[in-house]
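What follows is one structure encoded as structure tokens, with my remarks underneath.
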Amino acid sequence: MSEKSTNNLLVIFGATGDLSKRKLLPALYSLYEQDALEHTSILAIGRKPFRSEEFRTYLRSESLIKTEYADDRDGFLEKIDYLELPMNDPDGYGPLRTFMQAHREKNITFYLSVPQELFEPIVSGIAHIGLNTASSKVAFEKPFGSDLESATKLNAFVTQAFSEDQIFRIDHYVGKETIQNILAFRFANSLFEPVWNNHYIDNIQITATESLGVENRGAYYDHAGALRDMVQNHLFQVLALATMEPPHTLTSTAIHDEKVKVIRSLRLGKDLLSHVVFGQYAGYKDEAGIPESSRTETFAALRLEVHNWRLKGVPIYLRTGKALSGKKTKVVVEFRKNASILYNEQDELDRNRIIFEISPYEGISVGFNVKEYGETKKTRAVWSEFIQTKEGPEAYARILSDLLLGDHTLFTRWDMIEESWKIVDHLVHCKENCPILHSYEKGSDGPEAVNTLLEMDGREWYE
Ligand SMILES: NC(=O)c1ccc[n+]([C@@H]2O[C@H](COP(=O)([O-])OP(=O)(O)OC[C@H]3O[C@@H](n4cnc5c(N)ncnc54)[C@H](OP(=O)(O)O)[C@@H]3O)[C@@H](O)[C@H]2O)c1
């Protein structure tokens, strides 16, 4: 082990895993390039028997660290040590204690990038060797629990060792620039804030689709499904930002308070079965790790409402799924139709719309009507667009940077998780009793019933 001393140590449990390889280590390298890791060392932990130098060689050979300058890469890799540890055995954490005794970092941040069954043993192991000191922090990858009961149990366990202000529950979606921009757009513009209510907004549509199927994560996904994997965390975070009241300041507590309030006010329709659509792509059961009997939903769409003063009566439609025609994440806010007594009397005026594009590119578009050139009473819809051209930090770089700084704003507070699970548990229960799991073709737009969900209300998805 190398002898080095910095103020901060980031300990990544599960550093040999898929997420570390694809996201965390590249994000850390980008922070290193921005000189944001000057006072931080990294300890990578896994069950594979690497020595530190072998792990660095593995990182080099996997080309995880992409740079033209070998010197830069070596400087970054020098910051990383590796420790083999039986993560699931709290009595086996002696080597971690020995490592810490040889180093003098004051602030330790533990990042648990492991399957959630390992969360409790790792927290026990850390506590067992007394590393849960007041200056330490602990971050948990999503999902946090698999239903309200397991999340509550996990939270009770974790809060015996760490206090809420030491705990960081990750939802990397919130690290994306345009998702953060939803609040700025709504509350920094006197043009839009006054119309953000049920007098003017007709409906809100939130879409997060992927073209990939379950790939090599079948075993995990089959226990999760779209509701647990996407709706409980990412989609509810986006929904909260699009519908919450203004926080009184931009502090973490004020923002979390408003997010929780709006999630608490969510209502599912009484006739729930007519407000949900579940689907599974054809060929899902042939994927590795998926049992023939699986009824896991790889697609979910639902209609809900925010039952508060501002938005009561405005339907919010969510849809998410795998193996669809494209990777798209966006929020479409549709405004009520103009009375149209002056223009376009024959064919109605188009609605005004605001679209937050999150993927494949990031930006915000505002759709409005202008007079058709040379015409008097005829109009056409046009768009004014802001495209986020500046390559912001990858969501994970932002998340890691805020974690090291101890800023909770982009992490999920326990009460938000609790409220989200209450609703998702209800939806999962509904899905388990739902007689229909629609099949849909890979590369399609999902089951046809997803269109009926809006047609019943006289609306359609805005693509
Ligand atoms: N991958 C993603 O795209 C993604 C996206 C969002 C959130 N997440 C979350 O991030 C966390 C890590 O995901 P991942 O895809 O990186 O997982 P992973 O590749 O399956 O494993 C992560 C790490 O945990 C170790 N591990 C797995 N099972 C173990 C066991 N039974 N005993 C001891 N060690 C074990 C792996 O060791 P080996 O390398 O030796 O197998 C690896 O170091 C999970 O909580 C996941 O839900 C992942």
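The values are calculated or read from the model by the stated rules, or taken from the named source; none is laboratory data. These numbers come from a predicted model, not from an experiment. For neighbour counting, all protein chains shown are included, and Cβ atoms are generated from backbone atoms with ideal geometry for every residue, glycine included.
The set of residues from the stretch 297-314 being farther than 17 Å from Val238 by Cα and touching a His at 6+ places or on another chain (Cβ under 8 Å) comprises just one member, Phe299. Looking only at residues that are modelled with pLDDT under 75 and in a helix (DSSP H, G or I) in the stretch 55-83, which one is surrounded by the fewest Cβ atoms within 10 Å (Cβ to Cβ)? Result: Asp71.
For the residues Leu131, Leu118, Leu96, the requirement of being part of a helix (DSSP H, G or I) and under 18 Å from Ser41 (Cα atoms) singles out Leu96.
Taking the condition within 20 Å of the chain's Cα centre (by Cα), of a type outside the set (S, T, N, Q) and surrounded by fewer than 18 Cβ atoms within 10 Å (Cβ to Cβ), does Asp165 pass? It is false that Asp165 is within 20 Å of the chain's Cα centre (by Cα), of a type outside the set (S, T, N, Q) and surrounded by fewer than 18 Cβ atoms within 10 Å (Cβ to Cβ). Taken over the stretch 205-227, the criterion of being surrounded by fewer than 22 Cβ atoms within 10 Å (Cβ to Cβ) and either within 12 Å of the ligand (Cβ to nearest atom) or modelled with pLDDT under 95 (or both) is satisfied by Glu210, Leu212, Glu215, Asn216, Arg217, Gly218, Ala219, Tyr220, His223, Ala224. For the stretch 122-136, the tally of residues that are within 13 Å of the ligand (Cβ to nearest atom) and surrounded by fewer than 18 Cβ atoms within 10 Å (Cβ to Cβ) stands at 0. Only residues in the stretch 44-58 that are assigned by TED's automatic domain parsing to the domain that holds Leu77 count as the first member; pair them with residues that are away from the ligand (no atom under 14 Å from the Cβ) and polar (S, T, N, Q), Cβ under 7 angstrom, at least 6 apart or cross-chain, and list the lot. Taking only residues 6 or more apart or on different chains, the pairs are Ser52/Ser2. When Thr389, Thr409, Thr379 are checked against the criterion of being β-branched (Val, Ile, Thr) and under 30 Å from Ile167 (Cα atoms), Thr409 stands alone in meeting it. The stretch 394-463 holds helices (runs of 4 or more DSSP H) entirely within its bounds, and those carrying 3 or more residues that are within 20 Å of Lys261 (Cα to Cα) and of a type in the set (A, V, I, L, M, F, W, C) map to 414-432.
Answer yes or no: is there a residue in the stretch 382-393 that is within 21 Å of the chain's Cα centre (by Cα) and surrounded by 20 or more Cβ atoms within 10 Å (Cβ to Cβ). Checked the stretch 382-393: no residue is within 21 Å of the chain's Cα centre (by Cα) and surrounded by 20 or more Cβ atoms within 10 Å (Cβ to Cβ). The requirement of being away from the ligand (no atom under 16 Å from the Cβ), modelled with pLDDT under 95 and in a helix (DSSP H, G or I) is satisfied by Thr178. Taking the stretch 146-167 as the range and being within 16 Å of the ligand (Cβ to nearest atom) and not in a helix (DSSP H, G or I) as the test, the residues that pass are Ser146, Asp147, Ile167. Output yes when any residue across the stretch 137-145 is within 20 Å of Leu43 (Cα to Cα), away from the ligand (no atom under 16 Å from the Cβ) and not assigned by TED's automatic domain parsing to the domain that holds His248, and no when none is. So far as the stretch 137-145 goes, yes, one or more of its residues are within 20 Å of Leu43 (Cα to Cα), away from the ligand (no atom under 16 Å from the Cβ) and not assigned by TED's automatic domain parsing to the domain that holds His248. Put simply, of Phe140, Phe185, Phe168 the only residue that is more than 18 Å from Ser420 (Cβ to Cβ) and not β-branched (Val, Ile, Thr) is Phe185. Scanning the stretch 251-274 for residues that are without any contact (Cβ under 8 Å) to a residue 12 or more places away in the chain and aliphatic (A, V, I, L, M) gives a single hit, Ala254.
Residues of the stretch 228-260 that are surrounded by 16 or more Cβ atoms within 10 Å (Cβ to Cβ) and more than 30 Å from Glu455 (Cα to Cα): Pro247, Ser252, Ile255, His256, Asp257, Glu258, Val260.
Output yes when any residue across the stretch 89-101 is touching a His at 6+ places or on another chain (Cβ under 6 Å), surrounded by fewer than 21 Cβ atoms within 10 Å (Cβ to Cβ), at pLDDT 95 or above and of a type outside the set (A, V, I, L, M, F, W, C), and no when none is. Checked against the condition, which is being touching a His at 6+ places or on another chain (Cβ under 6 Å), surrounded by fewer than 21 Cβ atoms within 10 Å (Cβ to Cβ), at pLDDT 95 or above and of a type outside the set (A, V, I, L, M, F, W, C), the stretch 89-101 yields at least one hit. Only one of the numbered conditions (1) assigned to a helix (DSSP H, G or I); (2) over 24 Å from the mean Cα position of the chain (by Cα) is violated by Tyr29, and that is (2).
Looking across Gly269, Gly321, Gly313, one residue alone is at pLDDT 95 or above, over 16 Å from Thr209 (Cα atoms) and small (Gly, Ala, Ser). It is Gly313.
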